[in-house]
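Heads up, the thing below is written out as structure tokens.
The values are calculated or read from the model by the stated rules, or taken from the named source; none is laboratory data. Since this is a predicted model, take the numbers as computed values, not measurements. Cβ placement follows ideal geometry from the backbone for every residue including glycine, while neighbour counts extend to all protein chains displayed. All accessible areas refer to the heavy atoms of the entire protein, side chains included, with ligands and DNA or RNA removed. Shrake-Rupley method; radii C 1.70, N 1.55, O 1.52, S 1.80 Å.
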Amino acid sequence: MLRVRCLRGGSRGAEAAHYIGSRFRGVFTGWVQRTFQSTQAAAASQNTCAADDKATSPVPKDCLVCSYNEWDPLEEVIVGRAENACVPPFSVEVKANTYEKYWGFYQKFGGQSFPKDHLKKAVAEIEEMCNILKGEGVIVKRPDPIDWSVKYKTPDFESTGMYAAMPRDILLVVGNEIIEAPMAWRARFFEYRAYRRLIKDYFNSGAKWTTAPKPTMADELYDQNYPIHSVEDRHKLAAQGKFVTTEFEPCFDAADFIRAGRDIFVQRSQVTNYMGIEWMRRHLAPDYRVHIISFKDPNPMHIDATFNIIGPGLVLSNPDRPCHQIELFKKAGWTVIQPPVPLIPDDHPLWMSSKWLSMNVLMLDEKRVMVDANETSIQKMFEKLGISTIKVNIRHANSLGGGFHCWTCDIRRRGTLQSYFD
């Protein structure tokens, strides 16, 4: 069994423990330390959608939701929408997650639409992506279009919305359960509304539906004085375990988790805190083991352009953001592949992400992968691995902050729950 313990044996873990412990004045030190440890293997208990104690299948026959990993044959998927996408207001959590060269863009256009011509091209690209998925035999579902420019106010903050482009950020499917992430950006507080029609349909088919505790997103959730002046600053802060989100209340984006059967890997990031990880660990135990892993990343936000599991015992690991626990995967017999340098031009706008969206691919099964048509280097890498590439151009859609993995949430893959680390 793979056990990842970030708090033991290392200055990074000690610093993180000291930081979190001080935030909670020692009250929650025990569970914070446990958060860094893998959930111990327990006797697998069968989960059922129905109340029949005699049921022998963990998922009822008519349940439309069933996905345990990132590579089993894909049968049904949600694909996001670029329509009506708005630039989020330039708040402290947005500043901490974006690059300095785009801060002027956010300050000028926050609360307004992304450039109309760019959005139009992104919409067309995603429509073509949907058509290609359908041609590959995959059922495609879409969230509802919503006017994200509408202002809203809670007792703790006010904001406008952003989009429903990235279902991977807000929805996590574990077996026959759909988990709605609480999110961490105020501009994404009501993003779940675009998916509720779909989730109710899946619930009515027999799926489990869980909404994680919704944060208030009060000022206390954010370090209002989070010091960002350079990439070096970000490296230093990340190494100290300091992020713009505090431990005031649980928060997480679903895209900081990646699945490999009974083992689920997660990073502490700018949008996912230790309380959020602990909530997920307790919620999924004992059937699933949640492991924290970390990277040399100055701005961690979503794991799948840094560490993308593409098959049983096969993972893409970003060479610019090495994983501190990579030897544990190698010792478990996994093959670790470093993808080639992305080919996206320097002048192409990437308002919310890096060029490493090239590795943010979607596996249709172990031998088919959806990859950007412009990224010829990574196409050749997959072909050498014996994996056929399905090429789609989503360059303008990339600008909104995601690749194929981000733009999708796999609802059903044909497979069974297995352990890949025992």
- Note on the structure: Within the stretch 188-244, residues in a loop (DSSP other than H, G, I, E, B), open to solvent by less than 20 Å² (accessible area, probe 1.4 Å) and among the hydroxyl-bearing types (S, T, Y) come out as Y195
- Task: Go through (1) in contact with a Phe, Trp or Tyr (Cβ under 8 Å, 6 or more places away or on another chain); (2) free of Cβ contacts under 8 Å to residues at least 40 places away in the same chain one by one and return the number of the condition M129 breaks.
- Result: (2)
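I want to confirm something. Restricting to the stretch 245-282 and keeping residues that are under 15 Å from the mean Cα position of the chain (by Cα) and part of a helix (DSSP H, G or I), which single residue is nearest to N225 (Cα to Cα)?
Checked the stretch 245-282; the qualifying residue nearest to N225 (Cα to Cα) is G276.
If you go through the stretch 257-268, how many residues are closer than 26 Å to R186 by Cα and either aliphatic (A, V, I, L, M) or modelled with pLDDT under 95 (or both)?
2
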- Task: Mind counting the residues in the stretch 216-243 that are modelled with pLDDT of 95 or more and touching a helix residue (DSSP H, G or I) at 6+ places or on another chain (Cβ under 6 Å)?
- Result: 2
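Is it fair to say V87 is among the β-branched types (V, I, T), under 20 Å from Y152 (Cα atoms), within 21 Å of the chain's Cα centre (by Cα) and buried (at least 17 other Cβ atoms within 10 Å of the Cβ)? Break it down stepwise before answering.
Working: among the β-branched types (V, I, T): yes; under 20 Å from Y152 (Cα atoms): yes; within 21 Å of the chain's Cα centre (by Cα): yes; buried (at least 17 other Cβ atoms within 10 Å of the Cβ): yes.
Yes; evaluated as a whole, the condition is true for this residue.
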- Test result for D144, closer than 24 Å to D72 by Cβ, in contact with a strand residue (DSSP E or B) (Cβ under 9 Å, 6 or more places away or on another chain), surrounded by fewer than 18 Cβ atoms within 10 Å (Cβ to Cβ) and not polar (S, T, N, Q): no
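To keep it simple, each residue is scored yes or no on (1) more than 30 Å from R281 (Cβ to Cβ); (2) modelled with pLDDT under 95.
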position	(1), (2)
P89	yes, no
E100	yes, yes
Q107	yes, no
E136	yes, no
K141	no, no
I146	yes, no
V150	yes, no
G175	no, no
